[in-house]
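Worksheet: the structure to be examined is printed underneath.
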Amino acid sequence: MAESFDLSKVIEAVGKDKGIDKQIIIDAVKDAILTAARKKYGTYREIEASYNEDTGEVELFEFKEVVERAKFIDDEVEIPLDEARKLDPQAQLNDSIGIKMDSSDLGRIAAQAAKQIILQKVRDAERDIIFNEFEQRKGEIASGIARRVEKGAIVIDLGRTEAHIPLREQIPGEQYKPGDRLQGFLMEVRQTTRGPQIIMSRASEEYLIKLFEMEVPEIYDGIVEVLSAAREPGVRAKIAVKSNDPAVDPVGACVGMKGSRVQNIVQELRGEKIDIVPWSEDITRFVCNALAPAEISRVFLDESNKEIEIVVPDTQLSLAIGKRGVNVRLAAKLTGWKIDIVSEAIAASRTAEAIFNLMLLPGMTQTMAQNIFQSGFGSFQILSQAPVEEVMSIPGYDDPDKAAKLIQSAKDLIEKYKAEGAPVPTSPQVAKAAVNNSSAKEQADQRLKEELSKLQSEE
């Protein structure tokens, strides 16, 4: 055909220009010629296309079955044996022999079809190349130019393709305009019928960690490790770090000279406050570090449920909880533990009530009650349901018989109050403190109501 003269040059040029495998283009051209041939000669004919690298042409071959002259019926699918042997002396009956066809008469139809298929193949190949490129870059930071907003998502021009920052992955309150340069975390790369869909994030913890890797050489080199991170985008973030070199202070490395490193990150996150928390294997110390700058008085652990109760001075309660509860929420997310914060006044009230409750047991002294309470049993009701092995952890009750006797005593006391139909007495101190909230959640909710009231009054 007319276009076959320059076909090899076209293949080389397209392949080099688009970075596409030469074979992909050859296959596209073969498909185009074959499609055109079947349109012209009919689909019932057995036609194959082959690329001749020596001539740079796509050749068409029509395959026909070799039959006896006497049985010859259809010249479009059959060829007599005598004629077949003129083409191939080795031809035998029932063989399928390929006959080269003249493809020049396909003309412009073939050329146009080839062009369309090549364009489609080129587009598909480019999409695959882009997808593979960004699939490999997933988990990295990329930057581009903000172009427009589609359904709340910011469309970022990355050069060869576009990425989207959905509303949920944007930092609340940030303002963008077309032409602004933005960077974000390559969170997800999907292959769709319309090409690769790239999702970026500026609100994820992973983005925060990557920013520290870029800004702090010690993290990039593995001297300092980031163990966990927690964010409330645009408000506050916490990042837990540890050093693999005793000579390197992980917090100091992240802060930098005069705070230069962390300030660069704060600036990138539009003023988001960042707390750099020293990680510790000791969960008590780690939680206390995570709640800084609040002062901690006492800590009570429930390792089985990964719950921890933090007692703080009354004056430190609001600081520990944080504005709108953000400090305690981030600390809980950072450590992976449920954190309950109570003031010393409330803790004292709880302790008094627990001691009073335990001293209702026959023969119980204040010292024994304190030992039981400090071992994690806050009432005789809890004690009655405890296994003997756990009760044996209480000082003075390491003997199985003593532990079993204490449990039975608690069960008997429960039955006594049930039989009398009387409620279990409560400490007079607790009754006075009943107006106070007993859980950190309730305290945080109350604090939130107060903050909201202040804001409304200011408005």
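Worth pointing out:
- Leu319-Arg181 FRET efficiency (beta carbon distance; Förster radius 60 Å; 0.05 resolution): 0.95
- Of the residues Thr284, Thr367, the one with the fewest other Cβ atoms within 10 Å heads the list, and the complete ranking is Thr367, Thr284.
- To the nearest ten degrees, helix 400-420 and the longest principal axis of the Cα atoms of the chain are 80 degrees apart.
- Given +1 at the Cβ of Lys and Arg, -1 at the Cβ of Asp and Glu and no other charges, the dipole of segment 273-348 around its Cα centre is 440 debye to the nearest 20.
- Among Asn94, Met368, Ile199 - extreme Cα towards positive end, dipole of the chain, charges at beta-carbon: Met368
- For segment 204-279, a crude dipole built from +1 on the beta carbon of Lys and Arg and -1 on the beta carbon of Asp and Glu, taken about the Cα centre, is about 320 debye to the nearest 20.
- A viscosity of 0.692 mPa s and a temperature of 37 °C, combined with the Kirkwood radius over C-alpha pairs in the Stokes-Einstein formula, give the chain a diffusion coefficient of 109 µm²/s.
- Projecting label points 7 angstrom from Cα along Cα→Cβ for Ile283 and Asn132 puts them 4.7 nm apart.
- Residue order, fewest to most surrounding Cβ atoms within 10 angstrom, among Tyr176, Tyr397: Tyr176, Tyr397
- Note on Ala422/Val299: beta-carbon distance plugged into 1/(1 + (r/R0)^6) with R0 of 35 Å gives a FRET efficiency of 0.45.
- Note on the chain: antiparallel DSSP beta bridges, both residues inside, total approximately 75 percent of the bridges counted.
- Sequentially through segment 253-261, phi angles give Karplus couplings (6.51, -1.76, 1.60; θ = phi - 60°) of 4, 6, 6, x, 4, 6, x, 5, 5 Hz, Gly and Pro residues having no value and appearing as x.
- Equivalent-ellipsoid semi-axes of segment 204-279, from the Cα gyration tensor, Å, largest first: 19, 13, 10
- Note on the chain: with charges restricted to the Cβ of Lys and Arg (+1) and Asp and Glu (-1), its dipole about the Cα centre is near 1860 debye.
- Paramagnetic label zone (point 7 Å from Cα along Cα-to-C-beta, Lys22; backbone N under 13 Å) in segment 42-59: 52-57
- Under the simplified labelling scheme, the Asp75-Asn244 pair shows an inter-label distance of 8.0 nm, with each label point 7 Å from Cα along Cα→Cβ.
- Taking label positions 7 Å along the Cα-Cβ direction at both Gln120 and Lys402, the computed distance is 8.7 nm, reported to one decimal.
- Taking θ as phi - 60° and the Karplus parameters 6.51, -1.76 and 1.60, the scalar couplings of segment 348-355 work out to 5, 5, 5, 4, 4, 5, 5, 4 Hz in sequence order, x denoting glycine and proline.
- Charge-dipole axis of the chain as Lys and Arg at +1 and Asp and Glu at -1 on Cβ define it, positive-most pick from Ile321, Gln136, Ala84: Ile321
- The phi torsions of segment 162-167, fed into the Karplus equation with coefficients 6.51, -1.76 and 1.60 and a -60° offset, translate into couplings of 10, 10, 10, 10, x, 4 Hz, rounded to whole numbers, with Gly and Pro shown as x.
Throughout, read-outs are computed from the coordinates displayed, never taken from laboratory work. Bear in mind the structure is a predicted one, so any value in this text is a computation, not a measurement. Glycine gets a Cβ as well: all are built from the backbone with ideal geometry, and neighbour counts include every protein chain shown.
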